[in-house]
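Readers should treat all values here as calculations from the given coordinates under stated rules, not as data from a laboratory. Just so you know, these numbers come straight off a predicted model, no measurement behind them. Because the Cβ atoms are built from the backbone with ideal geometry, glycine has one as well, and the counts that use them run over all protein chains shown.
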Amino acid sequence: QATPLSAAGASSFSTSAGSNSDSNNNNDSSENGNKRVDDAVAAAAASTINSKSPTIAAAKATDALLNKRLSHLNLNKKDDEGIFTSQAYDHAAHGPGCSGGDYSDSDDDIRVEPSQFPPISDEARLFSETLLRQNKDWARKTEQDRPGFFAKLEKQQKPQVLWIGCSDSRVPANQIVNLDPGEIFVHRNIANVVTHTDMNLLSVLEYAVDVLKVRHIIICGHYGCGGVAASLTQKQFGIIDNWLRNIKDLYTIHRKKFDTLPQGGKEQQDLLTELNVIQSALNVCHTSIIQKAWSRGEKLSVHGWCYRLSDGVIRNLGLCIEGPGNVEEVYHVMDEVKSSH
């Protein structure tokens, strides 16, 4: 007979948190994408710089860096002061498909009237235009490499997986498991916490299970999680303090295990990261959504994983719950058919 897992039982899992929403690209393309975003931010910083700017001294100091970063935007025209001219900037900021509030190459693609919105600053325009151009480049390349990809994707999504992960930008679900758009249904929050009062998460869970009919639910945390690290301190961060209470409670439950490790060290953070994943996985199994699905005989597995930022590899914590037999009976629901008689 299967042994039920409880919150306290999760303490038997041990081992290895720093900083706190997904595509099928390799590491090189990911780094390039991050660089292009950095480029846009760098460009935004120079948005008010022109030949008559009072900040010309500061502009000169950063000119070399900006010139290098903005080369792909063709901001290579300079005045006698060595900074970007307003004409060069305007060319990039007001290029094709970026007039007023319109970011599209085709007005027909937009159902609302952009003129009803407030004027767009040069900084916001340049930033948006850069990312939107990158999106178009990605879309064109994807369609060239895989003709019909988007037409097929548009018709339906049939993901087999619901991914519950951390909001950390370094842990993109699709990319780290090398799956295409449409193959993973994703929910992310700070520190991948699952609680029974989170209507956002419960709505996602119900849709994934009852409508999309996913077969697997993965709770994936990551070592170096800022939310977990913050939970081991007495510092106040704002509203998030109430959210992190869920993780602090885990620390209290397993206090004896933490007392054997260096206070506030990496070992404690890693252990709390794993315990948080395990507890979140158990909380998923405790929901009426999952219990009802199992009572209907649906095949549904709940997994607990941890991603390591330092090497890009996911660690399987060994937790995989495939039915109510591994969950305390108090969480079980009666068979829906039988209970109706």
Checking the a/c ratio against 1.5 first, then a/b against b/c, what shape does the Cα gyration tensor give for segment 123-182? oblate
With the label point 7 Å along the Cα-to-beta-carbon line of S167 and a cut-off under 20 Å to each amide N, the hits in segment 182-222 are 185-205, 219-222
Global geometry of segment 191-242, whether rounded, prolate or oblate, following the gyration tensor of its Cα atoms and the 1.5 cut on a/c: oblate
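Which order results if C225, C220, C320 are arranged by neighbouring Cβ count within 10 Å, fewest first?
Details: C225 31, C220 25, C320 15.
With the sparsest Cβ surroundings first, the list reads C320, C220, C225.
Of K213/K266; K136/K299; K158/K266; K155/K299; K235/K256; K235/K257, which ones are farther than 29 Å apart at the Cα? It would help to have the intermediate numbers written out before the result.
Working: K213/K266 38 Å; K136/K299 39 Å; K158/K266 39 Å; K155/K299 25 Å; K235/K256 22 Å; K235/K257 22 Å.
Cα-Cα > 29 Å for K213/K266; K136/K299; K158/K266; rest within.
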Spin-label point model (7 Å from Cα, Cβ direction): what's the S121 to I253 distance in nm? 4.5
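In what order do S115, S295 fall by count of nearby beta-carbon atoms within 10 Å, going from fewest to most? Before the final figure, lay out the partial values.
Values: S115 9, S295 19.
So the ranking, lowest neighbour count to highest, is S115, S295.
Could you please rank H332, H196, H303, placing first whichever residue has the fewest other Cβ atoms within 10 Å of its Cβ?
H196, H332, H303
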